[in-house]
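Taking it in order: structure first as structure tokens, then the write-up.
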Amino acid sequence: MRTIDIVMIGNRVCATLDRLYTQVGGFSVQSDDRVTIRTADFELCIDNKADCHVPTLERPAAHFLALTLTPFEPTNEDDGPCNQSIMAHVLQALHLGLSPDYVQWIDPRALLSSADFEMATTLPEREPTLEELSFDDGTEAAKTKPRRHILPGIEETNLILQARLRSADPIEGALRATFREDLIDRPAIVDDIREKTTPLRLAVWLLTITLGLFALPMAAALAVFNLLRGENLRLTSQTAALTGTFIAFQTFGTTANAMSALQSMLG
């Protein structure tokens with residue numbers, strides 16, 4: 001009897017993609033039960049299917065929210081884990097908001113209950129190794145009682161169950177490994193002001209040489225900047241305009257008046 005708002009679900013998925021540094025390029029609501037989200041690399045379709053047959057359930061699911069990620073280019077071995085990581089994070093965000101009864105992961109037979117999915121996608125801050133655990137607890141316990149008379153503690157039991165989960169169940173173990181590894185490529189912040197085409201860079205150097213005919217120190221400083229940071233036509237044009245303005249002021253003897261007016265404007 002739940003009410004599924006496909007627009008709210010799409011907005012939640014877009015917010016999750018933003019947190020993964022994946023820029024959303026298109027958001028299309030095609031019907032009350034279908035929404036499509038496009039990025040530069042893939043298309044993510046979300047469908048709300050009614051009375052959908054699930055292989056491992058006895059009765060059809062009243063609501064089945066299907067997510068389909070389709071890359072725009074053929075995938076290679078490196079793109080597979082990255083796409084799975086994106087799907088896992090999107091499923092986790094939808095699980096927090098919708099609280100479904102079951103979550104299906106990759107394989108149609110890999111149907112996890114809500115509790116199992118939450119346990120598989122929730123990582124502890126730090127998991128001590130079994131060697132550390134046995135060294136810390138075993139040495140202190142051995143001083144008081146023999147080992148056979150001591151029941152395992154809560155933390156030790158939790159660690160044993162987590163280890164069995166990762167080793168015994170390949171589905172939940174793979175899902176947990178997807179969240180443990182940071183497979184989302186973070187875009188590198190590049191501060192590059194260099195012009196992208198050769199004609200624009202050539203225009204920058206021609207304008208710099210022209211500026212050198214009227215103000216050699218400014219042209220030399222601009223040439224050093226171009227060599228160190230790259231040719232930027234906007235910066236060169238602004239430098240030439242300001243230099244020409246002050247040359248005109250100096251020619252007509254109005255430099256002092258211009259500076260006083262500028263000072264009065266700045267307060």
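The values are calculated or read from the model by the stated rules, or taken from the named source; none is laboratory data. Since we're looking at a predicted model, the values are computed, not measured. In case anyone asks, the SASA skips ligands and DNA or RNA and just uses the protein heavy atoms, side chains included. Shrake-Rupley method; radii C 1.70, N 1.55, O 1.52, S 1.80 Å.
Observations, loosely collected:
- Residue-wise HN-Hα couplings along region 9-26, as the Karplus relation 6.51 cos²θ - 1.76 cosθ + 1.60 with θ = phi - 60° gives them from phi, are 5, x, 5, 5, 5, 4, 5, 5, 5, 5, 5, 8, 6, 10, 6, 7, x, x Hz; Gly and Pro carry x.
- For region 1-44, with all protein chains in place and a probe radius of 1.4 Å, 46% of the accessible heavy-atom surface sits on carbon or sulfur.
- Sequence-distant residues sharing a close amide H with E43 (under 5 Å, placed H): T70, F72
- Region 1-57 shape via C-alpha gyration tensor axes, a/c threshold 1.5: prolate
- Along region 201-206 the Karplus relation, 6.51 cos²θ - 1.76 cosθ + 1.60 evaluated at θ = phi - 60°, assigns HN-Hα couplings of 5, 5, 5, 4, 5, 5 Hz to successive residues, with x for each Gly and Pro.
- Phi angles of region 56-67 translate, via the Karplus equation with coefficients 6.51, -1.76, 1.60 and θ = phi - 60°, into HN-Hα couplings of 8, 9, 6, 10, x, 6, 4, 10, 10, 8, 9, 10 Hz per residue; Gly and Pro are given as x.
- Solvent-accessible heavy-atom area per residue, rounded to whole Å², over region 12-85 at 1.4 Å: 63
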